[in-house]
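Data block below; observations after.
The values are calculated or read from the model by the stated rules, or taken from the named source; none is laboratory data. Keep in mind that this is a model prediction, so the values were computed, not measured. Don't worry about glycine lacking a Cβ; one is built from the backbone with ideal geometry, like all the others, and counts go over all protein chains shown.
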């Protein structure tokens, strides 16, 4: 991905964090919030850093809900591929849920968030048809950039 494309996907940066659209999944508003610095464990953050992180995650989740009309925002931290502490904020919208139901034949069953998340990361990728219609990644990134700048 070119530097210019990455700039379009970056929605926030300050002295402590960066936040940007996931590059490998085309779900609009799927952000990865990264802590700057070498932190690899939530448990090892000092209280001030933990407080800033909590506030940042809440701001980002609120912005995602507003920008995408997400019914849920999943928050996940794995740090397996990249060991630096980072969080996946995934908007589970009605469109994603309905696409998941169609793909898996699971309509009417309780929603299994981790399975839906993994399905979306492999099924809704750049270059494939999106279940979003007019809601595209660039538009949502612009909304998120504006929302996070004004908070």
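Over 16 Å from residue 145 (Cα atoms) and assigned to a loop (DSSP other than H, G, I, E, B): does that describe residue 28?
Spelling it out, it is not the case that residue 28 is over 16 Å from residue 145 (Cα atoms) and assigned to a loop (DSSP other than H, G, I, E, B).
Where helices (runs of 4 or more DSSP H) fall wholly inside region 79-151, the ranges with 3 or more residues that are in contact (Cβ under 8 Å) with a residue 60 or more places away in the chain, under 14 Å from the mean Cα position of the chain (by Cα) and under 30 Å from residue 36 (Cβ atoms) are 137-149. Within region 41-57, the only residue that satisfies the criterion of being part of a loop (DSSP other than H, G, I, E, B) and surrounded by 14 or more Cβ atoms within 10 Å (Cβ to Cβ) is 45.
For residue 20, the requirement of being within 16 Å of residue 126 (Cα to Cα), in a strand (DSSP E or B) and modelled with pLDDT of 95 or more is met. Of the set (1) within 19 Å of residue 143 (Cβ to Cβ); (2) in contact (Cβ under 8 Å) with a residue 12 or more places away in the chain; (3) out of contact with any strand residue (DSSP E or B) (no Cβ under 8 Å at 6 or more places or on another chain), all apply to residue 33 but (3). Can you spot a residue in region 75-84 that is modelled with pLDDT of 95 or more and surrounded by 17 or more Cβ atoms within 10 Å (Cβ to Cβ)? No: zero hits.
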